[in-house]
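To start, the structure itself, in structure tokens.
The values are calculated or read from the model by the stated rules, or taken from the named source; none is laboratory data. All figures in this text were calculated on a predicted structure; none of them were measured in a lab. Every residue, glycine as well, gets a Cβ built from its backbone with ideal geometry; the counts of neighbours run over all protein chains shown.
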Amino acid sequence: MTAIRLAATAAAALVAGLFAQGSWAACYIVYGADKQIIYRSQLPPVDMSRPLHETVPRIAPGGTLVFSLDSNGCELEIHNLPRAASKPARRDAGERR
């Protein structure tokens, strides 16, 4: 009976591990205060490890960051952020594209 319970626990852990994904979105869009797109890319414009309410106002005061798992339309990048905030965040150094 314990072998079955161990196998079930191992299977549950494997399934949970397979469905656990990274926090990377496929497309990041920043809308300015005037609701115009000022940034669209597959790279996040801010450090995603920090709270968005702290980082987004630094790059687009009054703006909004929207991210999606769908990359449709993200092929055409837009980089109209203010000069001081124009460096997008880098992906993890270990991650390959």
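For segment 73-97, residues that are modelled with pLDDT under 90 and either polar (S, T, N, Q) or part of a strand (DSSP E or B) (or both) total 1.
How about segment 34-75: which of its residues are among the small types (Gly, Ala, Ser) and over 13 Å from Trp24 (Cβ atoms)? Please lay out each step first, then the result.
Taking segment 34-75 as the starting set, the residues that turn out to be among the small types (Gly, Ala, Ser) are 41, 49, 60, 62-63, 68, 71, 73.
Hits for segment 34-75 are Ala60, Gly62, Gly63, Gly73.
Within segment 33-42, the set of residues being in contact (Cβ under 8 Å) with a residue 40 or more places away in the chain and crowded, with 16+ Cβ neighbours inside 10 Å comprises Ile38, Tyr39, Ser41. Just so you know, in segment 43-61 the residues that are within 12 Å of His79 (Cβ to Cβ) and within 13 Å of the chain's Cα centre (by Cα) include one that is surrounded by the fewest Cβ atoms within 10 Å (Cβ to Cβ), and it is Leu43.
Restricting segment 62-72 to residues that are surrounded by 15 or more Cβ atoms within 10 Å (Cβ to Cβ) and not in a loop (DSSP other than H, G, I, E, B), the residue that is modelled with the lowest pLDDT is Phe67.
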